Amino acid sequence: MTERPEASGLARARGGRREEASGLARALTLVLPGAGHMAAGAAVRGGWLLFGWLTLVALAVVARGRIAATFSGGTMEDWVALATLVAMLVLVWVWALRDLLAMGRPADDRGDSQWSIASRRLRGNGLAMTGLGLVVVFYLIALLAPFLAPYDPIAQQDIATTGYLPPGADYWLGTDQFGRDVLSRILYGARISLAIGFVATAISVTLGTLLGALAGYFGGKVDTAVMRFTDMVLAFPRLVLLILIVALFSPGIAVIILVLGLTQWPGTTRIVRGDVLSLREREFVQAARALGLGRARIILRHIVPNVLAPVIVTATLGIGNTIVLEAGLSFLGLGIQAPTPSWGNMVAAGRDNLLGAWWVTTFPGLVIVLVVLAFNLVGDGLRDALDPRLRS
Amino acid sequence: MGAYVLRRLLGAIPLLLGVATLIFFILNLAPGDPASLYLNPNIPADVLAQLRTNLGLDQPVYIRYLKWMVAFFTGDWGYSFAHSRPVADILLEALPNTLMLTGVALVLVFFFGVIIGVYQAVRQHTVTDGALSVASLFFYSMPSFWLALMLMLVFALKAHEWGWPIALPPTGITSVDYDFMSAGEQLRDRLAHLVLPVATLTLALAAGVARYTRGQMLEVVRQDYIRTARAKGLSGRTVIMKHGLRNSLIPVITLLGLYIPFLFSGAVFVEMIFAWPGMGRVIVEAIFQRDYPLVMATSFLFAVMVVIGNLLADVLYAVADPRIRYD
């Protein structure tokens, strides 16, 4: 087999080609993903795969009672957790096998796109990858909460005997005023924070990109109108606006998502507009216009893909920001209502007995910091990888 | 410069009118009205109707809007429903407290932020730089309400319990026995009450300034004129302080304008938690009590302060950088 010289050069640039895995390694991987990699000499990657696989299997064994109960009348969230668990097991298994079989094959010699260059840069950034790992773990925790939580997050126990227990062997992170396990509530609370962060940011980024693209592409009156409105929203402390709207329109998860999504777009709009202003004068846009393409098509197919890099960065950093804001609203009693756990209302609940039961407030807050930190690390890494211009 | 400031001030008028309109319609589109505060079975329907008439709630929205606008901009901010006092009086009490809190915090945020950022840039790739980077990202990611509670827990409540020599007061703006203190003690008492709220705002926001300053400084240090300054034999300190810092501070000034809304948002939590009688507390309580006149006046005042802050930042920008001309 002859390889083109530039192809092998690329393969070297990507960390070299690994030796083909032996038959024994392949057979091992069928039973124990990761073990094959170790036999074939890729110890680090194998170790991680093995760790992931064993953790998932251990979880399935520990939670076997809960899994069995799912089949005899489980709730929606039990089924989601079960589906996640199965999907993760299949994913790790398939990925390990494919990766092992890919060993020894010549590296892909297609040209590098903007995205493959960025993904290589991102993978080289240790802090960003740690952040990404944390984000994935938190999303898994949110989905698997019913199998992970040692206690029911909502059911109150005998307050006289289990209220305000300090962290210990039975309750790792202590219990709150009503004897509910803080750890379990944190695990369930992850769903609220992460879901709201994701959906609200998706709304705001879509809206911001479209408004910015419209303002930048059409200019003139459209631009003036959109940007003056943006200035108006920015001239207002966002928290006050959020409190105002949520308090007046009775708090609920839909209202909170909408309000967070509908107040965060100005930042994206400004960035996108600036980029579009210069993009619309470029030759490829003129060419598209000369070909007689419609405005909607030019904007959506030719302009928007070119501003996606800064948009993705703002979105990642925006998720962290949204999670903090949602927690803040819950803290003021305007977010998710008791007894449903959310990190913000847990911090607020601990306020009543801060000195006597510090753990009720401290741990949910620490988790918020950790999640937001993870999103910020990923966002910083993405910015460095995608768009060095944005580096601050 | 004078013409520029004037033009910006004129440009702010439609902006503020827009903000006022927005607040008015959000308030009036919301279900429920202030009279529902008094809603209870003991109040007969006709009394409630009379109450609505007295509060002007029986008129159509656009009439109320016009009336409110005219009154508001002729200096009549109306009566607070919940406090039964003129709105202007309440705000005059709260405004100085908020300005003191945010003003002190703003100065400290930029002072510490710039110092830490420059220090990191000069010592790039050292352990200290890495540690400070992680620390600032950590504080940058922290919700200010949690930070406030943690500071209160350790430096006020636990410090008291453990008998630390300095236990700070957990809440309030002055002690209960403030009126019986001598002038010196009064000053000390005020400062002690200021420490924790200001520390919360400073820690949360200085981290962002430090991150930005570090980036700017690293950018500037790479420029040709820095190399020239070194080549002609200037000391490292002079190069950094006179050539590097001055040029990297210019973009940092724009942060000033951007940070003012964040500062006020942070102040809302800090004032709620530390029982600081400022505008953040006033507006949150007013929103919960559906105290329309107070909500509208307070949020308008917030917007005015943000606009002034942005203008100030732009003017400072021009002063610091002679290349920028606003004509």
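Values quoted throughout were computed directly from the atomic coordinates according to the rules given, and no laboratory measurement underlies them. Everything numeric in this text was worked out from a predicted model, so none of it was measured. Cβ sites come from the backbone with ideal geometry, for glycine too, and all protein chains shown count toward neighbours.
Note on the range B:148-281: with charges restricted to the Cβ of Lys and Arg (+1) and Asp and Glu (-1), its dipole about the Cα centre is near 1100 debye.
Within the range A:237-314, which trypsin sites (Lys or Arg not before Pro) sit in a loop by DSSP and count at most 13 neighbouring Cβ atoms inside 10 Å?
For trypsin sites (Lys or Arg not before Pro) across the range A:237-314 that sit outside H, G, I, E and B with at most 13 neighbouring Cβ atoms in 10 Å, the list reads A:Arg282.
The Cα trace of the range A:15-101 gives Rg and Dmax of 15.6, 52 Å, the first to one decimal, the second as a whole number. With a Förster radius of 30 Å applied to the C-beta separation of B:Arg85 and B:Thr53, the computed FRET efficiency comes to 0.90. The residues neighbouring B:Val306, those whose beta-carbon lies less than 14 Å from its own, together hold a net charge of 0 under the Lys/Arg +1, Asp/Glu -1 convention. Shape of chain B from the C-alpha gyration tensor: oblate (a/c of 1.5 or more and a/b not above b/c, with a ≥ b ≥ c the square roots of its eigenvalues). Arranged from fewest to most other beta-carbon atoms within 10 Å of their beta carbon, B:Asp177, A:Asp176, A:Asp384 become B:Asp177, A:Asp384, A:Asp176. The calculated pair-distance distribution of the range A:238-392 uses every alpha carbon pair, bins of 10 angstrom beginning at 0, and gives 10, 28, 27, 20, 10, 4, 1, 0 percent. Rounded to whole Å, the principal axis extents of the Cα atoms in the range A:122-207 read 50, 32, 20, largest first.
When the Cα positions of A:Leu101, A:Gly73, A:Ala87 are compared along the charge dipole of the range A:15-101, A:Leu101 comes out farthest toward the positive end, with charges on each C-beta of Lys, Arg, Asp and Glu.
What 222 nm value per residue comes from the helices of the protein assembly as shown, counting each DSSP H run with n ≥ 4 as -39,500 (n - 2.57) and dividing by all residues, nearest 500 deg cm²/dmol?
Numbers: 29 runs with 498 residues, N = 719.
The helix contribution divided over the protein assembly as shown gives -23500 deg cm²/dmol.
Bridgeable lysines around B:Lys232 (alpha carbons under 29 Å apart, same-chain partners fewer than 8 residues away excluded): B:Lys242.
Please state the shape class of chain A: rounded when a/c is under 1.5, otherwise prolate if a/b exceeds b/c and oblate if not, all from the C-alpha gyration tensor. Walk me through the intermediate numbers first.
Working: a/c = 2.42, a/b = 1.08, b/c = 2.24.
Judged from the Cα gyration tensor, chain A comes out oblate (a/c at least 1.5, b/c at or above a/b).
With the convex hull drawn around the C-alpha atoms of the protein assembly as shown, the volume per residue stands at 257 Å³.
In this structure the amide hydrogen of A:Ala40, modeled in the peptide plane, comes within under 5 Å of no amide hydrogen from residues 5 or more places off or on another chain. Here the residues B:His160, B:His125, B:His83, ranked from fewest to most Cβ neighbours within 10 Å of their Cβ, fall in the order B:His125, B:His160, B:His83. Near the amide H of B:Tyr79, within less than 5 Å, lie the amide hydrogens of B:Val87, all on another chain or at least 5 residues away, with H placed in the peptide plane. Distance between the pseudo-spin-label points of B:Ala45 and B:Gln186 (7 Å out from Cα toward the beta carbon): 5.7 nm.
Given a Förster distance of 25 angstrom, what is the FRET efficiency for A:Asp170 paired with A:Ser72, based on the Cβ-Cβ distance and rounded to 0.05? Provide the component values of the computation, followed by the final result.
On the way: r = 28 Å, r/R0 = 1.10.
Calculated value: 0.35.
The residues packed around B:Asp177, meaning those with a beta-carbon under 11 Å from its beta-carbon, carry a net charge of -3 if Lys and Arg are +1 and Asp and Glu are -1. Here B:Ile26, B:Ile308, A:Ile245 are placed in order of increasing Cβ neighbour count within 10 Å, fewest first, which gives B:Ile308, B:Ile26, A:Ile245. Converting phi to 3J(HN,Hα) with the Karplus coefficients 6.51, -1.76 and 1.60 and the offset θ = phi - 60°, the range A:370-380 yields 5, 5, 5, 4, 4, 4, 5, 4, 5, x, 4 Hz in sequence order, with x at every glycine or proline. Annotation for the range A:59-102 versus the range B:113-169: alpha-carbon center distance of 41 Å.
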